[in-house]
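Asks: Let me give you the structure first, and then I'll get to my questions.
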Amino acid sequence: MAKRELDWFTVRYRDIFLVAFAVLAIAAIVGGAFFYWRYQGNPQVRAERAIAKAQNALDALDMPDSSPEVKSSISQGKTMLGEARAEYSQGHYAKALAVAGDALETLKNARSASPQNQKFAVLVSSEGSVEVKRIGQHLFGPAKDNMILEDGDIVKTGQAGYARIKYHNNQFQIISPDSLVVIQALSGNASGGSRIEVALKQGHVETQTPDTMTAKDESIIVTDTTKIRPAPASRVGVAQEASGQVVTAVLAGTTEVEAAGKRQNVEAGSTGVSIVTSATQFSEPEALISPPAAEFPKDRQIIRVDDPARHPLAFEWKGGVTKSTVFQLSAKPLFSSLLTPEREIAGLSITVDGLPAGAYYWRIRSAGPDAKAYWSPIYQFRILQVFQRPKIQRDLKLTVDATPIGDGVILQGATDPGVSVSVNDLEIPVNADGTFSKIVLFSDVGTQSVQVRAFDDEGNEKIWRKAFQSRGD
């Protein structure tokens with residue numbers, strides 16, 4: 001029997017490692033592709049998750065004491081959710097995902113508008129680089145407008161990033177570039193009021209509290225060394241500096257500042273004041289340089305012109321404590337970009353070349369050092385083109401009930417959903433169902449005229465007018 005010869009070969013450790021690495025890499029790629037398809041790319045799974053999220057949002061909102069506006073959104077959300085389930089049962093997973101997403105957005109908007117809800121805030125707008133890290137997550141993700149924020153969420157802005165947050169009690173907060181803010185508490189408190197607490201870890205935030213806050217409600221901004229509690233109808237800026245110092249600028253109203261074992265109520269007065277604190281420091285309030293006040297356009301002013309692009313617009317203001325004023329104009333509410341270069345003006349007005357129809361924002365401050373001079377509130381206005389003939393003509397609905405109150409009148413009314421409303425050419429908020437309300441206070445004694453206008457973007461409008469007698473009570 002012939003002997004079989006054996007061929008020997010040498011296997012190096014490096015070859016073994018290379019083969020093992022290749023096998024592991026292939027397994028990781030295959031496993032990752034399957035995982036992505038199963039949990040992210042699979043339209044059936046994505047539709048299931050979207051429907052479940054929408055149902056959870058619906059369950060959180062559907063309460064007996066919900067407002068009419070919220071109930072209307074709940075009804076709409078239920079209808080859309082039923083449609084999503086029907087599409088899912090027929091195997092139309094992409095359609096079910098889209099409809100469930102729309103239902104979730106509808107319910108999120110209703111949840112942010114509900115005064116009964118004490119657990120959410122809304123990142124209403126962002127400009128530039130803004131990221132959010134959800135509680136329980138390890139990575140930041142890009143922020144989206146109208147994103148719901150909850151306890152424990154973190155908002156981070158980049159070098160040119162801005163974010164604006166609206167809380168359940170109509171408090172607003174603007175987060176400046178290079179800032180890090182933690183939403184620490186959005187809840188009720190032991191007194192029966194609401195509690196809003198945010199932690200500023202770096203950068204700057206400006207907070208504006210509503211005048212509807214009660215003595216039981218709490219608004220708190222905390223840093224490592226300082227606790228700031230703005231009172232109702234207050235405007236306060238807080239900066240956490242790299243040195244560890246905290247600069248609190250009280251621009252309107254009253255704010256309680258607590259640091260270095262001391263607690264003090266700080267009033268803005270006529271100029272606004274700033275105070276510097278740290279673990280061991282509590283400075284005396286120092287006056288700031290107050291800005292002028294807008295004369296035209298006023299906040300929420302509506303300007304109607306035949307040809308906006310060829311109609312120069314004059315911006316006017318009054319007051320201010322320095323000889324010149326710094327002016328900014330933007331099509332974005334947080335001023336991350338400007339329509340005209342920032343300029344310093346010696347007078348009390350500036351004329352800008354015609355602007356296309358749309359929404360715009362402007363603000364001013366007295367010329368002076370950045371640490372002393374601060375910006376006015378942001379004034380929003382809209383330019384509408386007057387159409388000689390409406391493109392799509394329709395008869396708008398407008399009903400108004402007026403209740404005189406001595407020195408003013410309470411207006412309650414309704415128009416078609418999606419239609420805008422102004423009172424004496426100042427735009428007012430309109431609910432999703434077309435209802436609106438407004439208290440108009442008269443500044444003079446005698447006959448006062450009130451005009452309510454319902455209008456759309458096609459040039460259709462309906463006007464309600466009535467005269468009232470102001471006694472100056």
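The values are calculated or read from the model by the stated rules, or taken from the named source; none is laboratory data. Source: prediction; values computed, not measured. For neighbour counting, all protein chains shown are included, and Cβ atoms are generated from backbone atoms with ideal geometry for every residue, glycine included.
Asks: Just to check your reading of the model, which residue among Thr351, Thr403 is more than 30 Å from Pro177 (Cβ to Cβ), free of Cβ contacts under 8 Å to residues at least 24 places away in the same chain and not hydrophobic (A, V, I, L, M, F, W, C)? So that I can check it myself, show each step before the final result.
Replies: On the way: Thr351 fails: free of Cβ contacts under 8 Å to residues at least 24 places away in the same chain.
Thr403 is the lone residue from the list that is more than 30 Å from Pro177 (Cβ to Cβ), free of Cβ contacts under 8 Å to residues at least 24 places away in the same chain and not hydrophobic (A, V, I, L, M, F, W, C).
Asks: Does at least one position in segment 54-76 carry a residue that is more than 29 Å from the chain's Cα centre (by Cα) and modelled with pLDDT under 75? Talk me through it step by step, then tell me what you get.
Replies: Going residue by residue through segment 54-76, those that are more than 29 Å from the chain's Cα centre (by Cα) are none.
Checked segment 54-76: no residue is more than 29 Å from the chain's Cα centre (by Cα) and modelled with pLDDT under 75.
Asks: So, restricting to strands (runs of 3 or more DSSP E) that lie completely within segment 196-287, which ones have at least 1 residues that are in contact with a Lys or Arg (Cβ under 6 Å, 6 or more places away or on another chain) and modelled with pLDDT of 95 or more? Full working, then the answer.
Replies: Numbers: elements: 218-222, 226-230, 235-240, 246-252, 254-259, 262-267, 273-277.
In segment 196-287, 218-222, 246-252, 254-259 are the strands (runs of 3 or more DSSP E) which contain 1 or more residues that are in contact with a Lys or Arg (Cβ under 6 Å, 6 or more places away or on another chain) and modelled with pLDDT of 95 or more.
Asks: Which count do you get for residues in segment 152-195 that are within 15 Å of the chain's Cα centre (by Cα), in a loop (DSSP other than H, G, I, E, B) and at pLDDT below 95?
Replies: 4
Asks: Can you tell which of Ala309, Ala367, Ala373 is small (Gly, Ala, Ser) and closer than 30 Å to Asn460 by Cβ?
Replies: Working: Ala367 fails: closer than 30 Å to Asn460 by Cβ; Ala373 fails: closer than 30 Å to Asn460 by Cβ.
Result of the check over Ala309, Ala367, Ala373: Ala309.
Asks: Sticking with this structure for a sec: Yes or no: segment 380-401 includes at least one residue that is in contact with a strand residue (DSSP E or B) (Cβ under 8 Å, 6 or more places away or on another chain) and acidic (Asp, Glu). So that I can check it myself, show each step before the final result.
Replies: Here is the first cut: in segment 380-401, the residues in contact with a strand residue (DSSP E or B) (Cβ under 8 Å, 6 or more places away or on another chain) are 380-386, 395-401.
If we keep only those that are acidic (Asp, Glu) too, we end up with 395, 401.
There is at least one residue in segment 380-401 that is in contact with a strand residue (DSSP E or B) (Cβ under 8 Å, 6 or more places away or on another chain) and acidic (Asp, Glu).
Asks: From the set of residues in segment 288-313 that are in contact with a Ser or Thr (Cβ under 6 Å, 6 or more places away or on another chain) and in a strand (DSSP E or B), which is nearest to Val352 (Cα to Cα)?
Replies: Taking segment 288-313 first, the residues in contact with a Ser or Thr (Cβ under 6 Å, 6 or more places away or on another chain) are 288-292, 302, 312.
Those left that are additionally in a strand (DSSP E or B): 289, 302.
Numbers: Ile289: 26, Ile302: 17 Å.
Among them, the one singled out is Ile302.
Asks: Looking at (1) farther than 22 Å from Gln301 by Cα; (2) of a type in the set (Asp, Glu); (3) surrounded by 15 or more Cβ atoms within 10 Å (Cβ to Cβ), can you tell me which one Glu427 breaks?
Replies: Only one criterion in (1) farther than 22 Å from Gln301 by Cα; (2) of a type in the set (Asp, Glu); (3) surrounded by 15 or more Cβ atoms within 10 Å (Cβ to Cβ) is unmet by Glu427, namely (1).
Asks: Assess whether Ser219 counts as being of a type in the set (Gly, Ala, Ser), closer than 29 Å to Ala371 by Cα and either assigned by TED's automatic domain parsing to the domain that holds Val238 or in contact (Cβ under 8 Å) with a residue 12 or more places away in the chain (or both). Before you say what the answer is, go through the steps one by one.
Replies: Working: of a type in the set (Gly, Ala, Ser): yes; closer than 29 Å to Ala371 by Cα: yes; either assigned by TED's automatic domain parsing to the domain that holds Val238 or in contact (Cβ under 8 Å) with a residue 12 or more places away in the chain (or both): yes.
Yes: the conditions hold for Ser219.
Asks: Here's a follow-up. Residue by residue through segment 336-357, note down the ones that are among the aliphatic types (A, V, I, L, M), surrounded by 14 or more Cβ atoms within 10 Å (Cβ to Cβ) and either within 23 Å of Asp457 (Cβ to Cβ) or out of contact with any Leu (no Cβ under 7 Å at 6 or more places or on another chain) (or both). Please lay out each step first, then the result.
Replies: First pass over segment 336-357, keeping only residues among the aliphatic types (A, V, I, L, M): 338-339, 345-346, 348, 350, 352, 355, 357.
Retained after the next criterion (residues that are surrounded by 14 or more Cβ atoms within 10 Å (Cβ to Cβ)): 338-339, 345, 348, 350, 352, 355, 357.
Selection gives Leu339, Ile345, Leu348, Ile350, Val352, Leu355, Ala357.
Asks: Out of (1) modelled with pLDDT under 90; (2) within 26 Å of the chain's Cα centre (by Cα), what's the single condition that is false for Phe436?
Replies: The single condition Phe436 does not satisfy is (1).
Asks: Quick check on segment 314-332. Is at least one of its residues among the hydrophobic types (A, V, I, L, M, F, W, C), part of a strand (DSSP E or B), touching a residue at least 12 places away in the same chain (Cβ under 8 Å) and surrounded by fewer than 12 Cβ atoms within 10 Å (Cβ to Cβ)? I'd like the intermediate steps shown before the answer.
Replies: Here is the first cut: in segment 314-332, the residues among the hydrophobic types (A, V, I, L, M, F, W, C) are 314-315, 317, 321, 326-327, 329, 331.
From what's left, part of a strand (DSSP E or B): 314-315, 317, 326-327, 329.
With touching a residue at least 12 places away in the same chain (Cβ under 8 Å) added as a condition, the list becomes 314-315, 317, 326-327, 329.
From the residues that got through so far, the ones that are surrounded by fewer than 12 Cβ atoms within 10 Å (Cβ to Cβ) too are 314.
For segment 314-332, residues among the hydrophobic types (A, V, I, L, M, F, W, C), part of a strand (DSSP E or B), touching a residue at least 12 places away in the same chain (Cβ under 8 Å) and surrounded by fewer than 12 Cβ atoms within 10 Å (Cβ to Cβ): present.
Asks: Exactly one condition in (1) in the same structural domain as Ala314 (by TED's automatic domain parsing); (2) part of a strand (DSSP E or B) is false for Asp370; which is it?
Replies: For Asp370, the failing item is (2).
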